[in-house]
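A quick write-up on the structure given underneath.
The values are calculated or read from the model by the stated rules, or taken from the named source; none is laboratory data. Since the structure is predicted, the reported quantities are computational estimates derived from the model, not experimental observations. Cβ placement follows ideal geometry from the backbone for every residue including glycine, while neighbour counts extend to all protein chains displayed.
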Amino acid sequence: MPPGAVPVKTFKMMVRISAGSDAKVETLTEGTSLLYDRARFASSNVYSLSDGDRSVRFTGCPDQSAVFNGAVLTTGPRTVDLKITVDGRTIPVKVSALGG
């Protein structure tokens, strides 16, 4: 790890949306980002906070629900406040990492 770099941990988080829905997930917690871009997934599972995004938009399949696998990247917070907007309706959500 480069000098001055902050170690980043991950916890998996799956997003499921209904058929035909659009959703946006935003992290409101400093020191966190969302990793859902498969092109950024690393086989080493070593990431920096900049590998993720503060918000991610999801579009469901037209005729069935869709599941997106990804992760929360965090420099320390184990509980993350999210703002989820689905079809124009905003829902605050709090997620927590399990384990040690």
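Looking at V93, V80, V86, V72, which is the one that is in contact (Cβ under 8 Å) with a residue 24 or more places away in the chain and either more than 16 Å from K9 (Cα to Cα) or in contact with a His (Cβ under 9 Å, 6 or more places away or on another chain) (or both)?
On the way: V93 fails: in contact (Cβ under 8 Å) with a residue 24 or more places away in the chain; V80 fails: either more than 16 Å from K9 (Cα to Cα) or in contact with a His (Cβ under 9 Å, 6 or more places away or on another chain) (or both); V72 fails: either more than 16 Å from K9 (Cα to Cα) or in contact with a His (Cβ under 9 Å, 6 or more places away or on another chain) (or both).
Criteria check complete, one pass: V86.
Does region 32-60 hold any residues that are in a helix (DSSP H, G or I) and touching a residue at least 12 places away in the same chain (Cβ under 8 Å), and which are they?
Just the residues of region 32-60 that are in a helix (DSSP H, G or I), to begin with: 38-40, 49-51.
Answer for region 32-60, where residues must be in a helix (DSSP H, G or I) and touching a residue at least 12 places away in the same chain (Cβ under 8 Å): R40, L49, S50, D51.
So if I check each of V67, V25, V8, V56, which one is touching a Phe, Trp or Tyr at 6+ places or on another chain (Cβ under 6 Å), closer than 23 Å to I91 by Cα and not small (G, A, S)? Let's see the steps before the verdict.
Values: V67 fails: touching a Phe, Trp or Tyr at 6+ places or on another chain (Cβ under 6 Å); V25 fails: touching a Phe, Trp or Tyr at 6+ places or on another chain (Cβ under 6 Å); V8 fails: closer than 23 Å to I91 by Cα.
From the options V67, V25, V8, V56, the qualifying one is V56.
It is to be established whether one or more residues within region 61-69 are surrounded by fewer than 19 Cβ atoms within 10 Å (Cβ to Cβ), part of a loop (DSSP other than H, G, I, E, B) and of a type in the set (D, E).
Our first condition is that a residue be surrounded by fewer than 19 Cβ atoms within 10 Å (Cβ to Cβ); within region 61-69, this holds for 61-69.
With the extra rule that they be part of a loop (DSSP other than H, G, I, E, B), the set shrinks to 61-65.
If we keep only those that are of a type in the set (D, E) too, we end up with 63.
Yes.
Only one of T10, T29 is within 13 Å of the chain's Cα centre (by Cα), in a loop (DSSP other than H, G, I, E, B) and surrounded by 13 or more Cβ atoms within 10 Å (Cβ to Cβ); which? Working first, answer last.
Values: T10 fails: in a loop (DSSP other than H, G, I, E, B).
Being within 13 Å of the chain's Cα centre (by Cα), in a loop (DSSP other than H, G, I, E, B) and surrounded by 13 or more Cβ atoms within 10 Å (Cβ to Cβ) holds for just one of T10, T29, which is T29.
Inside region 70-100, can you point out the residues that are surrounded by 13 or more Cβ atoms within 10 Å (Cβ to Cβ), hydroxyl-bearing (S, T, Y) and at pLDDT 95 or above?
Filtering region 70-100 for residues surrounded by 13 or more Cβ atoms within 10 Å (Cβ to Cβ) gives 70-75, 77-78, 80-86, 95, 97.
With hydroxyl-bearing (S, T, Y) added as a condition, the list becomes 74-75, 85.
Result: T85, single match.
Go through (1) touching a Pro at 6+ places or on another chain (Cβ under 9 Å); (2) within 13 Å of T10 (Cα to Cα); (3) not charged (D, E, K, R) and name the single condition F41 misses.
(1)
I want to confirm something. Restricting to region 40-57 and keeping residues that are modelled with pLDDT of 95 or more and out of contact with any helix residue (DSSP H, G or I) (no Cβ under 8 Å at 6 or more places or on another chain), which single residue is surrounded by the most Cβ atoms within 10 Å (Cβ to Cβ)?
Residue satisfying both the conditions and the ranking: V56.
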